[in-house]
């Protein structure tokens with residue numbers, strides 16, 4: 001058994017590689033939220049992380 005975000009598992013569920021169990025107890029997750037200062041110049045690692053999160057499939 002594995003407990004991960006449904007979005008990460010969805011391709012494997014569709015292909016039949018994984019079989020869902022205990023679906024009535026699945027928790028919904030509306031996505032990650034990132035709060036950061038709206039300054040013009042952000043540190044490069046934070047800018048890279050923000051760009052990564054924005055392009056990640058939801």
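Could you tell me whether the stretch 4-12 includes any residue that is assigned to a helix (DSSP H, G or I), surrounded by 10 or more Cβ atoms within 10 Å (Cβ to Cβ) and touching a residue at least 40 places away in the same chain (Cβ under 8 Å)?
Taking the stretch 4-12 as the starting set, the residues that turn out to be assigned to a helix (DSSP H, G or I) are 6-12.
With the extra rule that they be surrounded by 10 or more Cβ atoms within 10 Å (Cβ to Cβ), the set shrinks to 6-12.
Filter again for touching a residue at least 40 places away in the same chain (Cβ under 8 Å), leaving 7.
Scanning the stretch 4-12 turns up at least one residue that is assigned to a helix (DSSP H, G or I), surrounded by 10 or more Cβ atoms within 10 Å (Cβ to Cβ) and touching a residue at least 40 places away in the same chain (Cβ under 8 Å).
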Worksheet item: Tally time: how many residues in the stretch 27-43 are closer than 26 Å to residue 4 by Cα, surrounded by 10 or more Cβ atoms within 10 Å (Cβ to Cβ) and free of Cβ contacts under 8 Å to residues at least 12 places away in the same chain?
Response: 0
Response to the item:
Reported set for the stretch 44-58 where residues are under 27 Å from residue 3 (Cβ atoms), surrounded by 10 or more Cβ atoms within 10 Å (Cβ to Cβ) and at pLDDT 85 or above is 49
Worksheet item: Is it the case that the stretch 30-43 has a residue that's part of a helix (DSSP H, G or I) and at pLDDT 85 or above?
Response: no
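The values are calculated or read from the model by the stated rules, or taken from the named source; none is laboratory data. Quick caveat, the model's predicted, so the values are computed rather than measured. Here the Cβ is made from the backbone with ideal geometry for all residues, glycine too, and neighbour counts use every protein chain on show.
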